[in-house]
Amino acid sequence: MTCEELKAFEILVSDFNKYWIPCVWFTNLASQARSEGRIHDDVALRLLMDELNGYRAKCSLLFHYDWISIPLVYTQVRTASVK
């Protein structure tokens, strides 16, 4: 991430995690690279986008694990069973 991208990233306000912002930037850059001929065919672009979607889905899953808290009783049972 460049210094300018970091500044733009920090300026954006979101109630949730902002992991998706670089993904949008990547999508725009990949589309631009395809239109400029730096990515030679649509299959390569599709493979890049599929990999990005898989990565974004995993980031989303991690965010959901962080967002939903574990009920207190589960932590208490775990603590009591370990002792």
Query raised in the report: Using a simple spin-label model with points 7 Å from Cα along the Cα→Cβ vector, what separation in nm is obtained for MET1 and LYS18?
Result: 0.7 nm
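Roughly speaking, to the nearest percent, how much of region 18-82's 1.4 Å accessible area is carbon and sulfur? Kindly include the intermediate steps, with their values, before the conclusion.
Numbers: 3320 of 5260 Å².
Looking at region 18-82 in its full context, I get 63 percent from C and S.
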Query raised in the report: Angle between the Cα long axis of helix 42-67 and the longest principal axis of the chain, 0 to 90 degrees, nearest 10?
Result: 20 degrees
Query raised in the report: For the chain, what is the charge dipole size about the Cα centre, in debye to the nearest 20, if Lys and Arg each add +1 at the Cβ and Asp and Glu each add -1 at the Cβ?
Result: 440 debye
Report task. Give a residue-ordered list of calculated ³J(HN,Hα) values for region 75-80 (Karplus: 6.51 cos²θ - 1.76 cosθ + 1.60, θ = phi - 60°; whole Hz; x for Gly, Pro). Result -> 5, 5, 5, 5, 5, 5
**Report entry** Positive dipole terminus of the chain, leading residue within GLN32, LEU45, CYS59 (C-beta point charges)
**Finding:** CYS59
Report task. Pull up all non-local amide H partners of ILE39: gap of 5 or more, or a different chain, and H-to-H distance under 5 Å with H placed in the peptide plane. Result -> ARG34
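Stretched out fully, how many nm does the piece from VAL43 to SER31 gain, at 0.36 nm a residue minus the Cα gap? Walk me through the intermediate numbers first.
Numbers: separation 12, 0.36 × 12 = 4.32 nm, distance 1.25 nm.
Result for the pair: 3.1 nm of gain on full extension.
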Report summary line: Taking a probe of 1.4 Å and leaving out DNA, RNA and ligands, region 18-82 shows per residue an accessible area in Å² of 81 Å²
Report task. Pick out, from PRO71, ILE21, SER81, the residue whose Cα sits farthest towards the positive end of the charge dipole of region 18-82, with +1 on the Cβ of Lys and Arg and -1 on the Cβ of Asp and Glu. Result -> SER81
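The values are calculated or read from the model by the stated rules, or taken from the named source; none is laboratory data. For clarity, every value in this text was computed on a predicted model and none was experimentally measured. Neighbour counts are summed over all protein chains in view; Cβ atoms, including those assigned to glycine, are modelled from backbone coordinates with ideal geometry. Just the protein is used for accessible areas: all its heavy atoms, side chains included, with ligands, DNA and RNA removed. Shrake-Rupley method; radii C 1.70, N 1.55, O 1.52, S 1.80 Å.
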